[in-house]
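**Student:** A single structure is presented below for examination.
The values are calculated or read from the model by the stated rules, or taken from the named source; none is laboratory data. Please read all numbers here as calculations on a predicted model, not as lab measurements. Cβ atoms come from the backbone with ideal geometry, glycine included; neighbour counts cover every protein chain shown.
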Amino acid sequence: MPHIHLGEGSFPLWALVLWTLIGAGLISTVVYRIRKGGIKTHQIALAGVGAAASFAVFQLNIPVWGGIHMNLTGLVGIIAGPLLGALVALVVNIFSAALGHGAVGLIGANTLINASEAIVAYYAFKTLLGMEWDVFPASASAATLGLSVGSFLMGAIIVISGVNGSALPRGDLLIAVGGLSALNLGVAVVEGILTGLIVQFLASVRPDLVGLTDRDTRDEPTGVTA
Amino acid sequence: MTTLSNHVPDPRLITAFAERRDGPLHRINPWTKIGVVGVLVLAVTVFDRLALLAGLYGTVLVVYGVADLPYRRLIGWYTLPMLFIVSVAGPLAFLEPGTPIGGALPTPFGGFSVTWEGLTLFLELSCRSLTVVTFALTASMTTKYTDVAYMLGRLLPRPIDQIALLTYRFTFVMLETLEDLVKAALSRGANFSEFWSNKRLYARILGMTMLSAIEQSERLVKSMEARGYDGDLTLYGDVPRPPARELVAIAACYTGVVAYALVGVYEVVPV
């Protein structure tokens, strides 16, 4: 998951306030739209348990380039939708910050990035399915696109904010951040492929989960165990 | 062999420390700890001297020890924050303008060296980051499950609070599910050491984890609706207001940091 890979205190105070306010604005809009449209119990349960799964998946070490961790934000967006996906991004960031991953003061910025990943992945997936793409290429491309947007947004946030205590001109900072964004894009491709395979697997056992069939016409739960 | 990471804090271990230990910080009011996190975020953002930042980090490290928490685990958990510091502050240490340390290496793009200013920036960013990481972990490891759940319910607006409460409850279940799936695959001779040749196995395990989460949520819906769920998960715990001495201490910390920022950093108030 592309993150603001800067620790606490890396941004000046004005930037901390700015990104927190923008993040809060996004979440307020999402909450307003959810409250206005009404939320069903199954949506709350799906978002809550889905966020728990996303948080748990982060504990798994994927052996690429010495080990990477992912939250499958694109997958959460595809399954939960853009609104709940944004809320899941916020909740996962709060819990991650409590465990020392990601900064407390950057929850707003991180939520912006992860919510954008979930939202872009959802709409890209729906668009590609509408163009009659198969499930794997549609979901892999959608997740990669969403995560790439997140990576660019992350780079933009760092360059706009500047690094606390650094006298480096913005142009040179762009070079330093460019390397980090490129690394994140590589991770985005890995996570995109993995997301595509997961969605393909889910579509084979529960096509209703990825919108291929009607939710109300599906069979009873399969009772998955180890 | 890939299993669950030991350099990412395991929420089950964190919660076990909170529930089973009884150090001095376990007895501090949870609202006070939230207040300390806030003041630390503010302090590491506005403090502009390495000595101050190092002193703050040292103090938090002492508090971690006083809370009777294990330093060895903490070093392992520093892996991810340090990786991020190195990936960003590392290049900055070379690019930052200033006096080179021990001369510059000539390259076609110009002299290449770590500068004293770059090294100072690297150390400052490390102290800033590790200060809050250490205290966030200290607070998590000394606050009981029911108190955390109560505060999530109080601090977050609906429906985020409902989602956060379910996430907190089901994180432990999902971790065990994931661990069971990994163990089951290993016992059937699976090999996790290389990703590209085993990507379908990874996808299957992560897909099963998500599927298990979704099916748990569907069973949960039935039980929630059977109990008359109306958009509010009832919490039976209570976290009282902090005692006066803790409120005074927090107010003094905020006043000190804000005063330093106004006088020493932004020079809004001339001395």
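**Student:** With the condition kept exactly as written, say whether any residue in segment A:203-210 is under 14 Å from A:Leu72 (Cα atoms), within 19 Å of the chain's Cα centre (by Cα) and more than 10 Å from chain B (Cβ to nearest Cβ).
**Tutor:** Applying the first criterion (under 14 Å from A:Leu72 (Cα atoms)) to segment A:203-210 yields none.
No, segment A:203-210 contains no residue that is under 14 Å from A:Leu72 (Cα atoms), within 19 Å of the chain's Cα centre (by Cα) and more than 10 Å from chain B (Cβ to nearest Cβ).
**Student:** Now for a separate question. Checking the conditions here, which among B:Pro70, B:Pro24, B:Pro11, B:Pro30 is out of contact with any Phe, Trp or Tyr (no Cβ under 6 Å at 6 or more places or on another chain), more than 27 Å from A:Ala182 (Cβ to Cβ) and loosely packed, with under 13 Cβ neighbours inside 10 Å? Break it down stepwise before answering.
**Tutor:** Numbers: B:Pro70 fails: loosely packed, with under 13 Cβ neighbours inside 10 Å; B:Pro11 fails: loosely packed, with under 13 Cβ neighbours inside 10 Å; B:Pro30 fails: loosely packed, with under 13 Cβ neighbours inside 10 Å.
Unique residue meeting the criteria: B:Pro24.
**Student:** Any residue in segment B:100-116 that is surrounded by fewer than 20 Cβ atoms within 10 Å (Cβ to Cβ), within 29 Å of A:Val17 (Cα to Cα), in contact with a Ser or Thr (Cβ under 9 Å, 6 or more places away or on another chain) and in contact (Cβ under 8 Å) with a residue 12 or more places away in the chain?
**Tutor:** Keep residues of segment B:100-116 that are surrounded by fewer than 20 Cβ atoms within 10 Å (Cβ to Cβ), which gives B:100-116.
Checking which are within 29 Å of A:Val17 (Cα to Cα) leaves us with none.
The answer is no, given that none of the residues of segment B:100-116 is surrounded by fewer than 20 Cβ atoms within 10 Å (Cβ to Cβ), within 29 Å of A:Val17 (Cα to Cα), in contact with a Ser or Thr (Cβ under 9 Å, 6 or more places away or on another chain) and in contact (Cβ under 8 Å) with a residue 12 or more places away in the chain.
**Student:** For the condition more than 11 Å from every other protein chain (Cβ to nearest Cβ) and hydrophobic (A, V, I, L, M, F, W, C), what is the one hit in B:Val41, B:Val62?
**Tutor:** Values: B:Val41 fails: more than 11 Å from every other protein chain (Cβ to nearest Cβ).
Criteria check complete, one pass: B:Val62.
**Student:** Name, by its number, the condition in (1) part of a loop (DSSP other than H, G, I, E, B); (2) at the interface with another protein chain (Cβ under 7 Å from one of its Cβ atoms); (3) of a type in the set (Val, Ile, Thr) that does not hold for B:Thr171.
**Tutor:** B:Thr171 satisfies every listed condition except (1).
**Student:** Shifting gears a bit: Pick out the one residue from B:Val133, B:Val173 that is within 26 Å of A:Pro63 (Cα to Cα) and crowded, with 24+ Cβ neighbours inside 10 Å. If you could, list the steps in order and put the result at the bottom.
**Tutor:** Values: B:Val173 fails: crowded, with 24+ Cβ neighbours inside 10 Å.
So the residue among B:Val133, B:Val173 that is within 26 Å of A:Pro63 (Cα to Cα) and crowded, with 24+ Cβ neighbours inside 10 Å is B:Val133.
**Student:** So, one more: Please determine whether any residue of segment B:83-96 is at pLDDT 85 or above, under 19 Å from the mean Cα position of the chain (by Cα) and at the interface with another protein chain (Cβ under 9 Å from one of its Cβ atoms).
**Tutor:** Checked segment B:83-96: no residue is at pLDDT 85 or above, under 19 Å from the mean Cα position of the chain (by Cα) and at the interface with another protein chain (Cβ under 9 Å from one of its Cβ atoms).
**Student:** Output the number of the condition that B:Ser193 fails; it satisfies all remaining conditions of (1) more than 16 Å from A:Leu75 (Cα to Cα); (2) in contact (Cβ under 8 Å) with a residue 12 or more places away in the chain; (3) touching a helix residue (DSSP H, G or I) at 6+ places or on another chain (Cβ under 6 Å).
**Tutor:** If we test B:Ser193 against (1) more than 16 Å from A:Leu75 (Cα to Cα); (2) in contact (Cβ under 8 Å) with a residue 12 or more places away in the chain; (3) touching a helix residue (DSSP H, G or I) at 6+ places or on another chain (Cβ under 6 Å), just (3) comes out false.
**Student:** When the residues of segment B:232-271 are narrowed to those that are surrounded by 14 or more Cβ atoms within 10 Å (Cβ to Cβ) and part of a loop (DSSP other than H, G, I, E, B), which ends up modelled with the highest pLDDT?
**Tutor:** B:Pro242
**Student:** Ok, one more. Can you tell me which condition A:Gly165 does not meet? The list is (1) buried (at least 19 other Cβ atoms within 10 Å of the Cβ); (2) on the phi < 0 side of the Ramachandran plot; (3) not in a helix (DSSP H, G or I), and all the others hold.
**Tutor:** The one condition A:Gly165 does not meet is (2).
**Student:** Does B:Ala213 qualify as being in contact (Cβ under 8 Å) with a residue 60 or more places away in the chain and closer than 29 Å to B:Pro30 by Cβ?
**Tutor:** Values: in contact (Cβ under 8 Å) with a residue 60 or more places away in the chain: no; closer than 29 Å to B:Pro30 by Cβ: yes.
Taking the combined requirement at face value, the residue does not satisfy it.
**Student:** Restricting attention to segment B:64-82, which residues are more than 16 Å from the chain's Cα centre (by Cα) and in contact (Cβ under 8 Å) with a residue 12 or more places away in the chain?
**Tutor:** Across segment B:64-82, the qualifying residues are B:Val66, B:Ala67, B:Asp68.
Residues checked against (1) at the interface with chain B (Cβ under 10 Å from one of its Cβ atoms); (2) hydroxyl-bearing (Ser, Thr, Tyr); (3) in contact (Cβ under 8 Å) with a residue 60 or more places away in the chain:
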site: A:Gly9; (1), (2), (3): yes, no, yes
site: A:Thr20; (1), (2), (3): no, yes, yes
site: A:Lys40; (1), (2), (3): yes, no, no
site: A:Ala47; (1), (2), (3): yes, no, no
site: A:Met70; (1), (2), (3): yes, no, yes
site: A:Val92; (1), (2), (3): yes, no, no
site: A:Val104; (1), (2), (3): yes, no, yes
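**Student:** Anything in segment B:18-56 that is assigned to a helix (DSSP H, G or I), in contact (Cβ under 8 Å) with a residue 40 or more places away in the chain and under 17 Å from B:Ala244 (Cα atoms)? List them, or say none.
**Tutor:** The answer is B:Leu25, B:Pro30, B:Trp31, B:Thr32, B:Lys33, B:Ile34, B:Gly35, B:Val36.
**Student:** Across segment B:147-164, what is the total count of residues that are more than 7 Å from every other protein chain (Cβ to nearest Cβ) and either buried (at least 20 other Cβ atoms within 10 Å of the Cβ) or under 30 Å from A:Gly38 (Cβ atoms) (or both)? Before you say what the answer is, go through the steps one by one.
**Tutor:** The first filter runs over segment B:147-164 and keeps only residues more than 7 Å from every other protein chain (Cβ to nearest Cβ), leaving B:147-156, B:158, B:161.
With either buried (at least 20 other Cβ atoms within 10 Å of the Cβ) or under 30 Å from A:Gly38 (Cβ atoms) (or both) added as a condition, the list becomes B:148-156, B:158, B:161.
Here the count works out to 11.
**Student:** For residues that are within 12 Å of another protein chain (Cβ to nearest Cβ) and of a type in the set (D, E, K, R), scanning just segment B:108-146, find the one that is farthest from B:Gly38 (Cα to Cα).
**Tutor:** Taking the candidates together, the pick is B:Glu117.
**Student:** Pick from segment B:176-219 the residues that are surrounded by 15 or more Cβ atoms within 10 Å (Cβ to Cβ) and outside any helix (DSSP H, G or I): which of them is farthest from the other protein chains (Cβ to nearest Cβ)?
**Tutor:** Restricting to residues being surrounded by 15 or more Cβ atoms within 10 Å (Cβ to Cβ) and outside any helix (DSSP H, G or I), the top hit is B:Ala190.
**Student:** Turning to a different aspect of this structure: Yes or no: B:Val148 free of Cβ contacts under 8 Å to residues at least 60 places away in the same chain and assigned to a helix (DSSP H, G or I)?
**Tutor:** Here the answer is no, as B:Val148 does not meet what is asked.
**Student:** Could you tell me whether segment A:196-209 includes any residue that is modelled with pLDDT under 90, touching an Asp or Glu at 6+ places or on another chain (Cβ under 8 Å) and more than 30 Å from B:Leu42 (Cβ to Cβ)?
**Tutor:** yes
Here's the yes/no breakdown for (1) more than 28 Å from B:Gly38 (Cβ to Cβ); (2) buried (at least 24 other Cβ atoms within 10 Å of the Cβ):
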site	(1), (2)
A:Ala115	no, yes
A:Ala121	yes, yes
A:Phe125	yes, yes
A:Ala143	yes, yes
A:Ser148	yes, no
A:Ser161	no, no
A:Arg170	yes, no
